[in-house]
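Participant: Sharing a structure with you now.
The values are calculated or read from the model by the stated rules, or taken from the named source; none is laboratory data. Values in this document were obtained by computation on a predicted structure and should not be read as measured data. So basically every Cβ, Gly included, is an ideal-geometry build from the backbone, and we count neighbours across all protein chains shown. Areas reflect the complete protein model, heavy atoms only, side chains present, ligands, DNA and RNA absent. Shrake-Rupley method; radii C 1.70, N 1.55, O 1.52, S 1.80 Å.
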Amino acid sequence: MSTNFDQIINRKGTNCAKWDGQGGDYLPMWVADMDFLTAQPILDAVQKRFSHGAFGYGGRIKEAIASIVNHYKQTYDVDVDPDWVVYIPSVMPGANLACRVGGGGLIYSTPMYSHIRRLSQEAHTHVTEVPMKENNLFYEMDFDALEETVTDDIGVLVLCNPHNPVGRVYTRGELEQAASFAETHQLLVVCDEIHCELVLEGKHIPYFSLNKEAEQNSITLSSAGKIANIPSLPAGFAIIPNPELRRKFKDQALGLFSTPNVLAIEALDAAYNGSCNEWKEELRSYLRGNRDYLEERIKKIEGLSIVHNQGTYLAWIDCRKTGLKDPFAFFKENAKVRFNDGRDYGSVGEGFVRINFGCPRSQLVRALDCVERALEKRS
């Protein structure tokens, strides 16, 4: 299999949020989906099922779960009991339910993925946001600050690994420190691992695989939405080894989720049954090339700096030295490039933008050319 990731895909006019839902004619470098076709085995699986023409109730969820279980063994050398895997339509509804299971308030480190920052509202609870430690644009969880801030009415620690937006892939030591913090304060850990197959350096460690304590006091959430670029074919899963937590999670979900979408389940199965492995490797290689180009290019643009990306196809750009009060608005208006506004990820995101480099290289070059020209004209 050899995929042409340089191919330009015209996504305009396809009811695409990234291209059609941005309120103007901007080069979209924001929403976290990629401007690539998905893997051919997924297209074939969906087309085969679609061509049958009958779409009654049902879905090959057991087969998909078997593929997920095998994938975790082959990829991470982690044993997953099929009973631990619970279908969810996508990661964030699952995170909502998981936070309700945990009870109490939420605590997490910022900057943090903007939808996770909405979880307190969705789960009808309160939240404590604790800034990460940043040293020369290297981010890590600040456990001293977390210890000083946590209160008895907090019940859930939310993790995002690989981290959106700063692109960290947490080490075993960092995850073990998080697990120790959670154990000390009797917190349920809700871990969003949707970007786990987009590790560009280092190794992803599923949170529940750390140790027995982490296994029994966590809900891990993932899907093929990011790695396979199929967020509009929603089908995800929660891994919940603790049977009592699993029972509570299913109770919270009772009546909320309809029969799994049959096309989405076909896509989910194909994403994890091994048929896309070569495509995934080619994708990661291409993304590494984009990341390397992006980081070198940003270094040459006066006033901009960038956080080194270890995982995801998202990067965190520091615009503070430009003196721009609102870099998101500036680049949108003057470069005609739409990023994500750093402030959406917490107050520590002031002066930052997030870029999505999951696109053909020529699109990335074009966006950075526009950014550089806009800054040059300003000076």
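Participant: When you scan the range 87-187 for helices (runs of 4 or more DSSP H) that lie fully inside it, which ones turn up with 2 or more residues that are within 21 Å of Thr312 (Cα to Cα), charged (D, E, K, R) and modelled with pLDDT of 95 or more?
Facilitator: Ranges flagged: 172-184.
Participant: Here's a check for you: in the range 38-57, which residue that is assigned to a loop (DSSP other than H, G, I, E, B) and open to solvent by 30 Å² or more (accessible area, probe 1.4 Å) is modelled with the lowest pLDDT? Steps first, please.
Facilitator: Within the range 38-57, the subset assigned to a loop (DSSP other than H, G, I, E, B) is 38-39, 53-57.
Those left that are additionally open to solvent by 30 Å² or more (accessible area, probe 1.4 Å): 53-57.
Values: Gly53: 95, Ala54: 93, Phe55: 91, Gly56: 89, Tyr57: 84.
Of everything passing the filter in the range 38-57, Tyr57 is modelled with the lowest pLDDT.
Participant: Within the range 230-265, which residues are open to solvent by 50 Å² or more (accessible area, probe 1.4 Å) and assigned to a loop (DSSP other than H, G, I, E, B)?
Facilitator: The answer is Pro231, Ser232, Pro234, Leu254, Gly255, Leu256, Phe257, Ser258, Thr259, Asn261.
Participant: Of all residues being open to solvent by less than 10 Å² (accessible area, probe 1.4 Å) and touching a residue at least 60 places away in the same chain (Cβ under 8 Å) in the range 310-334, which is farthest from His204 (Cα to Cα)? Just the residue, please.
Facilitator: The selected residue is Trp316.
Participant: In the range 303-322, is there at least one residue being among the aliphatic types (A, V, I, L, M) and closer than 21 Å to Asn229 by Cβ?
Facilitator: yes
Participant: Scan the range 247-272 residue by residue and report those that are within 21 Å of the chain's Cα centre (by Cα) and not hydrophobic (A, V, I, L, M, F, W, C).
Facilitator: Within the range 247-272, the first condition is being within 21 Å of the chain's Cα centre (by Cα), and the residues that meet it are 264-265, 267-272.
Scanning the range 247-272 gives Asp269, Tyr272.
Participant: Those residues that are charged (D, E, K, R) and either farther than 23 Å from Leu119 by Cβ or open to solvent by 30 Å² or more (accessible area, probe 1.4 Å) (or both), I need them from the range 180-196; list them, please. Explain how you work it out, then say what you get.
Facilitator: Start the filter on the range 180-196 by keeping residues that are charged (D, E, K, R), which leaves 183, 192-193.
Passing the criteria: only Glu183.
Participant: Of all residues in the range 58-81, count the ones that are open to solvent by 70 Å² or more (accessible area, probe 1.4 Å) and either part of a loop (DSSP other than H, G, I, E, B) or not polar (S, T, N, Q) (or both).
Facilitator: Result for the range 58-81: 6.
Participant: While we're here: Give me the residue from the range 1-37 that is open to solvent by 90 Å² or more (accessible area, probe 1.4 Å), of a type outside the set (A, V, I, L, M, F, W, C) and in contact (Cβ under 8 Å) with a residue 12 or more places away in the chain and, out of that set, farthest from Phe339 (Cα to Cα).
Facilitator: Ser2
Participant: Does Leu159 satisfy the condition of being open to solvent by less than 70 Å² (accessible area, probe 1.4 Å), among the hydrophobic types (A, V, I, L, M, F, W, C) and on the phi > 0 side of the Ramachandran plot?
Facilitator: no
Participant: Whether any residue in the range 266-289 is over 30 Å from Ala17 (Cβ atoms), touching a helix residue (DSSP H, G or I) at 6+ places or on another chain (Cβ under 6 Å) and open to solvent by 30 Å² or more (accessible area, probe 1.4 Å) is what I want to check.
Facilitator: no
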